[in-house]
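The values are calculated or read from the model by the stated rules, or taken from the named source; none is laboratory data. Everything quoted here is computed from the prediction, not taken from an experiment. No Cβ is skipped: glycine too gets one built from the backbone with ideal geometry, and neighbour counts run over all protein chains shown. The area values use the complete protein model at the heavy-atom level, side chains included, leaving out ligands, DNA and RNA. Shrake-Rupley method; radii C 1.70, N 1.55, O 1.52, S 1.80 Å.
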Amino acid sequence: MDYIEQMEKLFKFMEFSLELEQIRGLYSIKRNCNNDLNLFGCFIKDYLTVVNNKISDDESLYNDFVIYYENAIQNFTSEKIVNLLVEYSKYYLWMVFENPDIDELIKPINTINSCYAIDFYPCVMRLIYDYINQKIDGKTFSMMLQLFVEKVISRFEYPDREFNLNDCLNYQENFERLAG
């Protein structure tokens, strides 16, 4: 999907909504995406999947982001929202470029990418976020990574098997079902 037009529109919207420091944060994400607005759009789509627990339609990314932002600004500062975007973009780009700062992620990311399972990115992004922010411990992190890899391989071997994104995004609540 070509996200260029929507992402240009998103940047204009954010420039009117943010202060200079937050705009810099947003542009740092774009720069880390090698100024590729399609890659930035893919990140936004996966980020929205994490925060909304549903996949946005390609054609409505801009609208979905604006709705997300308008709702989020009711509870958080623009600084907090941009900081979350920056943090999640870091995890996203670890997966895209297969260059994570956490050694334990190298093999799982390679497996996910080798199996063309990029729809697992939002799940892994949430898992990394929870681990980095100490919402889960290292043991849970390792077990969930292994479980995601098993699901990826299973789906690669048997493409007609169902993948439930919400189970993975809400992995803590659905651990037993995922492990089964």
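Within the range 111-119, is there a residue that is of a type in the set (Ser, Thr, Tyr) and either open to solvent by 80 Å² or more (accessible area, probe 1.4 Å) or free of Cβ contacts under 8 Å to residues at least 40 places away in the same chain (or both)? Taking every residue of the range 111-119 in turn, at least one turns out to be of a type in the set (Ser, Thr, Tyr) and either open to solvent by 80 Å² or more (accessible area, probe 1.4 Å) or free of Cβ contacts under 8 Å to residues at least 40 places away in the same chain (or both).
What are the residues in the range 13-35 that are open to solvent by 100 Å² or more (accessible area, probe 1.4 Å) and of a type in the set (A, V, I, L, M, F, W, C), if any? Talk me through it step by step, then tell me what you get.
Filtering the range 13-35 down to residues open to solvent by 100 Å² or more (accessible area, probe 1.4 Å) leaves 16, 19-21, 24, 31, 34.
Passing the criteria: Phe16, Leu20.
When the range 64-94 is filtered for residues that are in contact (Cβ under 8 Å) with a residue 40 or more places away in the chain and open to solvent by 80 Å² or more (accessible area, probe 1.4 Å), the ones remaining, listed by number, are Glu79, Asn83, Lys90.
Contact map, the range 14-26: residues that are small (Gly, Ala, Ser) paired with residues that are in a helix (DSSP H, G or I) and open to solvent by 80 Å² or more (accessible area, probe 1.4 Å), Cβ distance under 8 Å, separation 6+ or inter-chain. Pairs shown: Gly25/Asn83.
If a residue must be open to solvent by 80 Å² or more (accessible area, probe 1.4 Å) and in contact with a helix residue (DSSP H, G or I) (Cβ under 9 Å, 6 or more places away or on another chain), how many such residues does the range 151-163 contain?
Within the range 151-163, the subset open to solvent by 80 Å² or more (accessible area, probe 1.4 Å) is 156-162.
Restricting the remaining residues to those that are in contact with a helix residue (DSSP H, G or I) (Cβ under 9 Å, 6 or more places away or on another chain) gives 156, 161-162.
Matching residues across the range 151-163 total 3.
The criterion of at least 3 residues that are over 17 Å from Leu26 (Cα atoms) and under 16 Å from the mean Cα position of the chain (by Cα) is met by the following helices (runs of 4 or more DSSP H) wholly inside the range 49-114: 78-96, 106-114. Evaluation of Lys45 against the conditions (1) closer than 22 Å to Val96 by Cα; (2) of a type in the set (D, E, K, R); (3) surrounded by fewer than 16 Cβ atoms within 10 Å (Cβ to Cβ) shows that the sole unmet condition is (3).
Can you name every residue in the range 120-137 that is open to solvent by 60 Å² or more (accessible area, probe 1.4 Å) and either of a type in the set (S, T, N, Q) or closer than 20 Å to Ile44 by Cβ (or both)? Show your work before the answer.
Of the residues in the range 120-137, the ones open to solvent by 60 Å² or more (accessible area, probe 1.4 Å) are 131-135, 137.
Asn133, Gln134 - these are the residues of the range 120-137 that are open to solvent by 60 Å² or more (accessible area, probe 1.4 Å) and either of a type in the set (S, T, N, Q) or closer than 20 Å to Ile44 by Cβ (or both).
Among the criteria (1) at pLDDT below 95; (2) touching a helix residue (DSSP H, G or I) at 6+ places or on another chain (Cβ under 7 Å); (3) surrounded by 14 or more Cβ atoms within 10 Å (Cβ to Cβ), the one Thr140 does not fulfil is (2). All conditions but one from (1) open to solvent by 10 Å² or more (accessible area, probe 1.4 Å); (2) modelled with pLDDT of 95 or more apply to Leu10; the one that does not is (1).
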